[in-house]
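Student: One structure coming up, written as structure tokens, with questions to follow.
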Amino acid sequence: MAIFNFTTSDPSTFILMGIPGLEAEHIWISIPFSTSYLISLFGNIMLLFVVSKEQTLHKPMYLLICLLALTDIATSTFVVPKALCIFWFNLKGITVRGCLTQMFLLHTVSFMQSAVLVIMAFDRYVAICNPLRYATILTNARIAKLGLVGLIRSVICMLPLPLLLSRLPFCADRSILQTHCEHMAVVKISCGDITVNKMYSFVIVFVVIGIDLTLIALSYSLIIRAILRISSKRAHQKALNTCTAHICVMLMMYTPGFLTSVTHRFGQGIAPHVHIILANLYLLLPPMLNPIIYGIKTKELHDKMGKYTCRR
């Protein structure tokens, strides 16, 4: 139960409702939110610290892991603090500009994560299929350029979302059934024609994520073909182990994202709190688990992290 009630009725603001139907449990729901946020911050900051300190980790693969860590920190930071304000203090109000900014940043970072995963798949393809040329094909400077291209792509793709929404009239009831300003949740409180908004969001997600998944699938099909040509069983295992962490991270990101998208568009009979919980799992679980996965599955990184965490 919230201690304070600062919900606003100002027409220039939206109202984030948190998780409707589970208001009495908000204080308990805040526990996994805050716990996952703290684990995410600690794990990703620790990962960034270790890679920055260790000269031997200044390689393309670890720079990509750092890029992913930065997007993970951004994702959870854009969502959790505001959600905790709702759960703990009933601070549900958010300005229209603030809401559109949060929505733009969240979706931009989400597309950036997908771009990083594509670059990681290409990194693994070169490492396994063309190892002798790895150092010349993937330099640190080239990784930085690819990351910048991914960021520019994400900004260009997501910028029309808040611009299109800012032109729409909104209903008198500005209650958003979510803990954060997610595009489809904001669109639903508009009283105007939302056809263009829905079509644009659907097409851009379908095209961009479709292209990303196709490139990842192509990389891994070539990797599998190369692995099958290796006669040594030990070499087989070593090659597969280098891809395990990346595959786990991809499943963590794309599976909840796919389920969230499907339930939003086709799950009219599903209770609202189920939609909201799925959307939040998509934003909370990967940032928490990604540094754990890479810390365990990547031997060199695991050893270096152990050097700092197990000091006496």
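The values are calculated or read from the model by the stated rules, or taken from the named source; none is laboratory data. Bear in mind that the values here come from a model prediction, so they are computed numbers and not experimental data. All Cβ positions, glycine included, derive from the backbone under ideal geometry; neighbour counts span all protein chains shown. The area values use the complete protein model at the heavy-atom level, side chains included, leaving out ligands, DNA and RNA. Shrake-Rupley method; radii C 1.70, N 1.55, O 1.52, S 1.80 Å.
Student: If the requirement is being aromatic (Phe, Trp, Tyr) and under 15 Å from HIS302 (Cα atoms), which of these qualifies: PHE49, PHE87?
Tutor: Selected residue: PHE49, the only one of PHE49, PHE87 that is aromatic (Phe, Trp, Tyr) and under 15 Å from HIS302 (Cα atoms).
Student: I'm trying to understand the selection: among the residues of region 76-89, which are polar (S, T, N, Q) and open to solvent by less than 10 Å² (accessible area, probe 1.4 Å)? Give the steps one after another, and end with the answer.
Tutor: The initial filter retains those residues of region 76-89 that are polar (S, T, N, Q), namely 76-77.
Passing the criteria: only SER76.
Student: Could you identify the single residue in ALA115, ALA141, ALA127 that is touching a Lys or Arg at 6+ places or on another chain (Cβ under 7 Å), within 28 Å of CYS66 (Cβ to Cβ) and of a type in the set (A, V, I, L, M, F, W, C)?
Tutor: ALA115
Student: Picking from ARG97, ARG174, which residue would you name as being touching a strand residue (DSSP E or B) at 6+ places or on another chain (Cβ under 9 Å) and open to solvent by 20 Å² or more (accessible area, probe 1.4 Å)?
Tutor: ARG174
Student: Would you point out the residue of region 30-49, among those that are more than 24 Å from CYS181 (Cα to Cα) and open to solvent by 20 Å² or more (accessible area, probe 1.4 Å), that is farthest from the chain's Cα centre (by Cα)?
Tutor: PHE49
Student: Here is a check on your reading of the model: is ILE94 under 27 Å from PRO256 (Cα atoms) and outside any helix (DSSP H, G or I)?
Tutor: yes
Student: So if I check each of VAL208, VAL186, VAL196, VAL203, which one is under 17 Å from the mean Cα position of the chain (by Cα) and among the β-branched types (Val, Ile, Thr)?
Tutor: Exactly one residue qualifies, and that residue is VAL208.
Student: Where residues in region 187-223 are hydroxyl-bearing (Ser, Thr, Tyr) and surrounded by 15 or more Cβ atoms within 10 Å (Cβ to Cβ), which of them is nearest to ILE176 (Cα to Cα)?
Tutor: Among those residues, the one meeting the criterion is SER190.
Student: So which residues in region 50-74 are in a helix (DSSP H, G or I), open to solvent by 30 Å² or more (accessible area, probe 1.4 Å) and within 21 Å of GLN113 (Cβ to Cβ)?
Tutor: Selection gives SER52, MET61, LEU63, LEU67, LEU70, ILE73.
Student: Residues CYS157, CYS191, CYS171: which one is within 25 Å of ILE276 (Cβ to Cβ) and modelled with pLDDT of 95 or more?
Tutor: Selected residue: CYS157, the only one of CYS157, CYS191, CYS171 that is within 25 Å of ILE276 (Cβ to Cβ) and modelled with pLDDT of 95 or more.
Student: Of the residues in region 190-216, how many are among the β-branched types (Val, Ile, Thr), touching a Leu at 6+ places or on another chain (Cβ under 9 Å) and over 21 Å from LEU151 (Cβ atoms)?
Tutor: 2
Student: Inspect region 148-167 for any residue being assigned to a helix (DSSP H, G or I), polar (S, T, N, Q), within 30 Å of ARG229 (Cα to Cα) and in contact (Cβ under 8 Å) with a residue 60 or more places away in the chain and give the result as yes or no.
Tutor: As a first pass, look at region 148-167 and keep what is assigned to a helix (DSSP H, G or I): 148-158, 160-166.
Narrowing further to those that are polar (S, T, N, Q): 154, 166.
In the following step, the residues that additionally are within 30 Å of ARG229 (Cα to Cα) were identified as none.
No, the conditions are met nowhere in region 148-167.
Student: Being open to solvent by less than 80 Å² (accessible area, probe 1.4 Å) and over 13 Å from the mean Cα position of the chain (by Cα) narrows it down to one of MET250, MET288, MET305, so name that one. Even if it seems obvious, please write down each step before you answer.
Tutor: Working: MET250 fails: over 13 Å from the mean Cα position of the chain (by Cα); MET288 fails: over 13 Å from the mean Cα position of the chain (by Cα).
Just a single option satisfies the conditions, and that option is MET305.
Student: Another question, then. Give all pairs with beta carbons closer than 6 Å in which a residue from region 225-253 that is hydroxyl-bearing (Ser, Thr, Tyr) meets a residue that is surrounded by 18 or more Cβ atoms within 10 Å (Cβ to Cβ) and assigned to a helix (DSSP H, G or I); count only pairs at least 6 apart in sequence or on separate chains.
Tutor: As it stands, the answer is THR244/LYS297, since those pairs meet every condition given.
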